[in-house]
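*Asks:* Dumping the structure here so I can ask a few things about it.
The values are calculated or read from the model by the stated rules, or taken from the named source; none is laboratory data. The shown structure was predicted, so the numbers you read here are calculated from the model rather than taken from an experiment. Cβ sites come from the backbone with ideal geometry, for glycine too, and all protein chains shown count toward neighbours.
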Amino acid sequence: MFLKRHPLLSYFVLAYLLTWVIEVPMMLNARGVLSVQLPHWMEALAAFGPFAAALIVLGVWQGQTGMRKLFASLCDWRLPGVWWAVTLIFPFVIMFAALLITGATDRLFSGELIRGLWVEGRLFEVIVLGGVLRGLGEEPGWRGLALPVLRNRHSALIASLLLWPVWTCWHLPSFLMRPEFALGAWFGFSLGILAATVFLTLLYDQTRSVLLAAVWHALINIARTIAGSASQDAFFVFAQLMMLAGTIIILYWIFTGRNAKV
């Protein structure tokens, strides 16, 4: 059976299919190509394409054992405190640094940034749709199935570089739904995904936890949006700081010998 012989490729195809079957019509409608109005909540459902794809592939490939292992990793919170701290604190350290560099910390401490998102009606979208549901919908697939397979075959760096373009392009319809995004923004977004991929590989190597990956993913999305709500400059600085963190991790892998297959 093709899926059993090629579980990683099968996962990638299904993750794209289950997400794009919703997001492509929504994108074409937003672009004025099609007149098909889908409910807004379906965009949140599309975020669970990777999760659903992982369950399908694991169910056929490894049976109930593989599915139980995935859910165990997603539900087990008894993990080293230091990695909980890294997961919970790092996104907001990057956010605060971006706001500090661009002189916007007063807007953060005064509550202006959060109030602005509330007034715009975006706070629920930022925290729940763009944060919690994205992290929970994506990470059981990307870090729960794809990354473990790649790490069994490749070093941390090569596994990250292989996963990066697949994860990046999976976002394409969602990105194109927003007409204000252009080619330059896509380039910057892809570099941000590279940095996130590298960081999440490090987190996986240290903990084997899908839960921490999902929490970090949710928080980095929330922190990035808050920085972006301050100014475009803060958004760009946030991205640059993420790239710096990713570069440091890559250097750590190379110079400490922690870059081997697992």
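*Asks:* I want to confirm something. Restricting to the range 4-38 and keeping residues that are over 25 Å from the mean Cα position of the chain (by Cα) and closer than 23 Å to VAL149 by Cα, which single residue is surrounded by the fewest Cβ atoms within 10 Å (Cβ to Cβ)?
*Replies:* ARG5
*Asks:* For VAL93, work out the one condition from (1) over 19 Å from the mean Cα position of the chain (by Cα); (2) assigned to a helix (DSSP H, G or I); (3) without any contact (Cβ under 8 Å) to a residue 40 or more places away in the chain; (4) over 20 Å from LEU136 (Cβ atoms) it doesn't fulfil.
*Replies:* Checking VAL93 against (1) over 19 Å from the mean Cα position of the chain (by Cα); (2) assigned to a helix (DSSP H, G or I); (3) without any contact (Cβ under 8 Å) to a residue 40 or more places away in the chain; (4) over 20 Å from LEU136 (Cβ atoms), the one that fails is (1).
*Asks:* Additional query: Looking at VAL33 and the list (1) of a type outside the set (D, E, K, R); (2) without any contact (Cβ under 8 Å) to a residue 40 or more places away in the chain; (3) within 22 Å of LEU136 (Cα to Cα), which single condition is not satisfied?
*Replies:* VAL33 satisfies all of (1) of a type outside the set (D, E, K, R); (2) without any contact (Cβ under 8 Å) to a residue 40 or more places away in the chain; (3) within 22 Å of LEU136 (Cα to Cα) except (3).
*Asks:* Do any helices (runs of 4 or more DSSP H) entirely within the range 147-198 hold 2 or more residues that are under 11 Å from the mean Cα position of the chain (by Cα) and in contact (Cβ under 8 Å) with a residue 24 or more places away in the chain, and if so, which?
*Replies:* Qualifying helices (runs of 4 or more DSSP H): 156-170.
*Asks:* May I ask you to say which residue of VAL24, VAL57, VAL119 is modelled with pLDDT of 95 or more and either more than 23 Å from ARG208 (Cβ to Cβ) or in contact with a Ser or Thr (Cβ under 6 Å, 6 or more places away or on another chain) (or both)? Lay out the reasoning, then the answer.
*Replies:* On the way: VAL24 fails: modelled with pLDDT of 95 or more; VAL119 fails: modelled with pLDDT of 95 or more.
The unique qualifying residue is VAL57.
*Asks:* Considering only the range 72-80, I want to know if a residue exists there that is assigned to a helix (DSSP H, G or I) and either over 21 Å from the mean Cα position of the chain (by Cα) or over 18 Å from ASP205 (Cα atoms) (or both).
*Replies:* Initial filter on the range 72-80 (assigned to a helix (DSSP H, G or I)): 72-75.
From what's left, either over 21 Å from the mean Cα position of the chain (by Cα) or over 18 Å from ASP205 (Cα atoms) (or both): none.
No, there is no match, as no residue in the range 72-80 is assigned to a helix (DSSP H, G or I) and either over 21 Å from the mean Cα position of the chain (by Cα) or over 18 Å from ASP205 (Cα atoms) (or both).
*Asks:* Considering THR87, THR105, which residue is hydroxyl-bearing (Ser, Thr, Tyr) and within 22 Å of PRO50 (Cβ to Cβ)? Give the steps one after another, and end with the answer.
*Replies:* On the way: THR105 fails: within 22 Å of PRO50 (Cβ to Cβ).
After ruling out the rest, the residue left standing is THR87.
*Asks:* Then there's this: Can you tell which of GLY228, GLY192, GLY246 is out of contact with any Asp or Glu (no Cβ under 8 Å at 6 or more places or on another chain) and either of a type in the set (Val, Ile, Thr) or farther than 19 Å from THR87 by Cβ (or both)?
*Replies:* From the options GLY228, GLY192, GLY246, the qualifying one is GLY228.
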